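The values are calculated or read from the model by the stated rules, or taken from the named source; none is laboratory data. What you see is a predicted model; the values in this text were computed from it and never measured. We place every Cβ from the backbone using ideal geometry, glycine too, and count neighbours over all the protein chains shown. Only protein heavy atoms, including side chains, enter the accessible area calculation; ligands, DNA and RNA are left aside. Shrake-Rupley method; radii C 1.70, N 1.55, O 1.52, S 1.80 Å.
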Amino acid sequence: MVTQATARIAFIGAGVHATESLYPNIAHIPEFELVAVCDLIAEKARYAARRFGAPEWFTDVETMLDRVQPQGVCICGPARMHYEVGLQVLRRGIPIFVEKPPAETLAQARELASAARQNRTWGMVAFMKRFAPANVVAKEYMAQPSFGRLSSLTLIHGSGPYDDVRRMLLFNGIHMLDLGRFLAGDVESLFAYGHEGETKAVSVAMRFQSGAVGQLNMNSGHSWGDCFEQTYLSGTGDGILIDASRATEVMSAASRFAPGEGLQLFGWSSRYYVSGNMAGWAAGGHYTRGYWGELSHFARAALGQVAPTPTLDDGVEAMRLIDAILLSAQSGQAVRVAAL
């Protein structure tokens, strides 16, 4: 009988996002063995351990790490916690999975990445859009000859309310910025306009190192129940439209499901949907939005089966883009991203 290899993983943080979006995936990941839960509030730690099957719970990180000796640690809470607790764990040589943003500042994000290298370990940042099936399919299609070379990328996102542009970018826009890097590579330079009225907004023009151009338009004018997101990629051949990381549409003269004889057709499209005939936990967003994928990848990386990605260095690059956008909006000048 073959036994499935599992990674012994502890989880620090038992707040709303952790218990609603992350923990529910664990039972569906064969490689993920939840060995302990830790939270400053005993009731939260006890509840999460009982609900999600952890044999032990703690209110002190050091005690948990001493007792459990995990192979990896997930950290989900405020940005300051990601940074401070992340350093605690990394200094013991234990890999971390840290929610976004990985820290409050670019300097702190760099310190986390440096601590991982100094202690011969690694970390992942929870940029779940890299694992959303619709985005993965789009990335794969970009490698097809018919797509050609990327020429432009447009990212549109309407989030729930924020009180300033930096918070909007740090806690929500950071996902779209990392998605842009996932699909188009590193940004060479950018120019940004910011709007600080009742509704916060940014419009950012970007040039990627590949030579492609791009744009991010984001605002805080939605409620959290009606957020809007679209991504459009134009190649030298085909185009790709991604609808809220749920569906991918390819626009191509060659993509036809019927000949259309007797008709004049100047193009066609084919559409990939994430199946709605899935278990409730998946259809509810955990799989389609990428939460299952990122935690599954972390567990397999802890076992040495795959390379960790996105890394703490990817977190640094996302934070660097945020600082560049804010600097450009304030100065009215274009900013070379690598200079920050």
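Checked against (1) touching an Asp or Glu at 6+ places or on another chain (Cβ under 9 Å); (2) surrounded by fewer than 18 Cβ atoms within 10 Å (Cβ to Cβ), ILE12 passes all but condition (2).
Selection of the stretch 154-165 for residues being surrounded by 21 or more Cβ atoms within 10 Å (Cβ to Cβ) and among the acidic types (Asp, Glu) yields an empty set. Within the stretch 216-226, not a single residue is surrounded by fewer than 19 Cβ atoms within 10 Å (Cβ to Cβ), over 20 Å from the mean Cα position of the chain (by Cα) and of a type in the set (Asp, Glu).
If you go through the stretch 166-182 and pick out every residue that is touching a Gly at 6+ places or on another chain (Cβ under 9 Å) and open to solvent by 10 Å² or more (accessible area, probe 1.4 Å), you end up with 1.
The residue that is surrounded by the fewest Cβ atoms within 10 Å (Cβ to Cβ), among those in the stretch 15-47 that are more than 22 Å from TYR287 (Cβ to Cβ) and touching a strand residue (DSSP E or B) at 6+ places or on another chain (Cβ under 6 Å), is ARG46.
Looking only at residues of the stretch 105-122 that are touching a residue at least 60 places away in the same chain (Cβ under 8 Å) and in a loop (DSSP other than H, G, I, E, B), we find that the one that is farthest from MET176 (Cα to Cα) is TRP122.
Taking the stretch 141-171 as the range and being in a helix (DSSP H, G or I) and modelled with pLDDT of 95 or more as the test, the residues that pass are MET142, VAL165, ARG166, ARG167, MET168, LEU169, LEU170, PHE171. Contact map, the stretch 128-153: residues that are open to solvent by 50 Å² or more (accessible area, probe 1.4 Å) paired with residues that are in a loop (DSSP other than H, G, I, E, B) and polar (S, T, N, Q), Cβ distance under 8 Å, separation 6+ or inter-chain. Pairs shown: ARG149/SER210; ARG149/THR236. Yes or no: the stretch 123-136 includes at least one residue that is more than 17 Å from the chain's Cα centre (by Cα) and in a helix (DSSP H, G or I). For the stretch 123-136, residues more than 17 Å from the chain's Cα centre (by Cα) and in a helix (DSSP H, G or I): absent.
If you go through the stretch 200-215 and pick out every residue that is over 21 Å from the mean Cα position of the chain (by Cα) and either modelled with pLDDT under 95 or among the β-branched types (Val, Ile, Thr) (or both), you end up with 1. I'd like the full set of residues that are surrounded by fewer than 21 Cβ atoms within 10 Å (Cβ to Cβ) and of a type in the set (Asp, Glu), limited to the stretch 92-112. Result: GLU104, GLU111. Pairs are defined by a Cβ separation below 7 Å, a sequence spacing of at least 6 or placement on different chains, a first member in the stretch 198-227 that is free of Cβ contacts under 8 Å to residues at least 40 places away in the same chain, and a second member that is charged (D, E, K, R) and in a strand (DSSP E or B); the pairs so defined are ARG207/GLU188; GLN209/GLU188. Note on the stretch 48-67: among residues that are of a type outside the set (D, E, K, R) and within 22 Å of LEU112 (Cβ to Cβ), the one that is surrounded by the most Cβ atoms within 10 Å (Cβ to Cβ) is MET64. Could you list, in sequence order, the residues of the stretch 190-209 that are of a type outside the set (Val, Ile, Thr) and open to solvent by less than 30 Å² (accessible area, probe 1.4 Å)? Hits for the stretch 190-209 are LEU190, ALA192, GLY197, LYS200, ALA201, MET206, PHE208. The single condition among (1) open to solvent by less than 10 Å² (accessible area, probe 1.4 Å); (2) not aromatic (Phe, Trp, Tyr); (3) not in a helix (DSSP H, G or I) that VAL89 does not meet is (3).
Of all residues in the stretch 135-158, those satisfying the criterion of being out of contact with any helix residue (DSSP H, G or I) (no Cβ under 9 Å at 6 or more places or on another chain) and under 25 Å from ASP313 (Cβ atoms) are GLU140, ALA143.
For every residue, the table says whether it meets (1) at pLDDT below 70; (2) open to solvent by 60 Å² or more (accessible area, probe 1.4 Å); (3) in contact with a Pro (Cβ under 6 Å, 6 or more places away or on another chain).
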| residue | (1), (2), (3) |
| --- | --- |
| VAL250 | no, no, no |
| SER255 | yes, no, no |
| ARG271 | no, yes, no |
| VAL274 | yes, no, yes |
| ARG289 | no, yes, no |
| THR309 | no, no, no |
